[in-house]
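Since every read-out is calculated from the coordinates, none of them should be taken as a lab result. Since the structure is predicted, the reported quantities are computational estimates derived from the model, not experimental observations. Heads up, the Cβs are rebuilt from the backbone with ideal geometry, glycines too, and the neighbour counts pull from every protein chain shown.
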Amino acid sequence: METVLITGGTGMIGKALTQALIERGFQVIILTRNGSKQKPTASISFAEWDIQKQRIDKNAFGKADYIIHFAGASVAEKRWTKKRKQEIVSSRVDSGKLITDSLKNLPNKVKTVISATAIGWYGPDKNNGKKFSEDDPSSNDFLGQTSKLWEAAIEPVSFLGKRLVKIRIGIVLSNDGGAYPEFKKPLKFGFATILGNGKQIVSWIHIDDLVRMILFAMENEKMEGVYNAVAPHSVSNKELVLEIARKEKGKSYIPVHVPTFALKIRLGEMSVEVLKSATISSEKIQQTGFIFQYPDIRSAILQLSHQKNLPV
């Protein structure tokens with residue numbers, strides 16, 4: 001039975017991934033700041049690490065066959081103050097450094113590292129009709145440079161004889177957190193809130209497809225390097241919001257545009273991201289043989305709206 005060490009295992013993606021790994025017969029060790037306070041199960045154990053002090057549980061590290069590195073302060077949780085920006089960057093860079101240094105200096109049997117990164121790597125669309133691919137350079141904006149530093153921090157893994165896969169994740173649609181519940185909130189009052197003019201392209205992925213892609217990358221030894229984790233069919237913000245509204249409310253909703261200036265007041269610099277149009281290609285991951293269960297927004301929202309009504 002192989003063991004997977006996960007950072008960020010208590011987050012939305014980490015929880016879904018942990019469940020999928022258990023179902024596949026893996027043992028899971030979740031690295032967390034307060035591992036001693038967690039309750040282990042037959043398939044899940046917890047170990048502690050301290051990113052600031054660059055400390056990690058050596059015994060847990062030595063058990064891992066795979067590392068899935070998803071730790072990082074939330075980009076959307078708080079306004080981008082100078083302090084928050086530093087937290088976002090350091091949480092990614094310092095955690096990556098801890099993992100690479102540990103692989104270099106501690107006895108281990110790790111053969112593959114799967115590391116999260118983000119489509120924030122890319123800037124806004126160039127208006128030439130071309131989708132961004134993995135070969136495109138990083139943007140000069142905050143998220144572009146953060147993603148560049150993020151990927152650079154974990155890159156030394158590839159020089160240590162380990163297989164490294166970096167997954168640039170799009171907007172993840174899940175009932176358990178992230179953007180999707182936020183899109184649904186105004187519908188309680190009968191409003192489908194479209195951001196700005198609604199024409200900006202959203203490159204998204206269903207949580208189930210993301211989890212399947214990570215498992216696929218773990219088990220496919222030919223995969224190496226960077227892959228975009230986005231569905232084949234991107235949509236505009238307006239299309240996304242109205243599709244959610246139709247599934248949630250039928251015809252009982254009113255489309256409302258949230259003005260750009262209001263978003264700038266509410267979100268500050270972060271408003272650039274919700275108004276940015278970024279069309280990202282999924283061609284590279286599809287060429288590996290990976291098949292999306294939810295390639296279009298209609299099938300994804302249908303599954304999510306159905307799932308919430310399932311008996312617990």
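What the table shows:
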| quantity | calculated |
| --- | --- |
| Region 1-126, Rg to Rh (Cα coordinates; Rh as Kirkwood inverse mean 1/r) | 0.99 |
| Cβ-based net charge around THR81, under 13 Å, with every Lys or Arg adding one and every Asp or Glu removing one | +3 |
| Calculated [θ] (222 nm, deg cm²/dmol) that DSSP helices of n ≥ 4 give over the chain, each run adding -39,500 (n - 2.57) | -11000 deg cm²/dmol |
| Cα gyration tensor shape for region 70-170, rounded if a/c is under 1.5, else prolate or oblate | oblate |
| Estimated FRET transfer efficiency when R0 is 30 angstrom, pair ASN59-GLU23 (beta carbons, to 0.05) | 0.70 |
| Potential extension, LYS284-PHE159 segment - 0.36 nm per residue separation minus Cα distance | 42.7 nm |
| Kirkwood-Stokes translational diffusion coefficient of region 161-312, alpha-carbon pairs, 37 °C, 0.692 mPa s, µm²/s | 198 |
| Check: region 182-312 dipole with +1 on Lys, Arg Cβ and -1 on Asp, Glu Cβ, in debye | 780 |
| Cα→Cβ-extended label distance, 7 Å offset, between VAL258 and LEU302, nm | 2.8 |
| DSSP beta bridge pairing in the chain, given as percent antiparallel to the nearest 5 | 15 |
| Under 19 Å from the ARG266 label point (7 Å along Cα→beta-carbon), backbone N, region 80-111 | 80-81 |
| Among (1) 18.5; (2) 16.6; (3) 14.9, the entry derived from the coordinates for mean projected area of the Cα convex hull in nm² | (2) |
| Given LYS126/LYS251; LYS15/LYS184; LYS199/LYS251; LYS58/LYS82; LYS148/LYS188, the pairs whose alpha carbons are separated by over 32 Å | LYS126/LYS251; LYS58/LYS82; LYS148/LYS188 |
| Two-site label geometry, LEU149 and ARG84: point separation in nm, points 7 Å out along Cα→Cβ | 1.7 |
| Gyration tensor verdict on region 176-226 (Cα atoms; rounded if a/c is under 1.5, prolate if a/b is larger than b/c, oblate otherwise) | oblate |
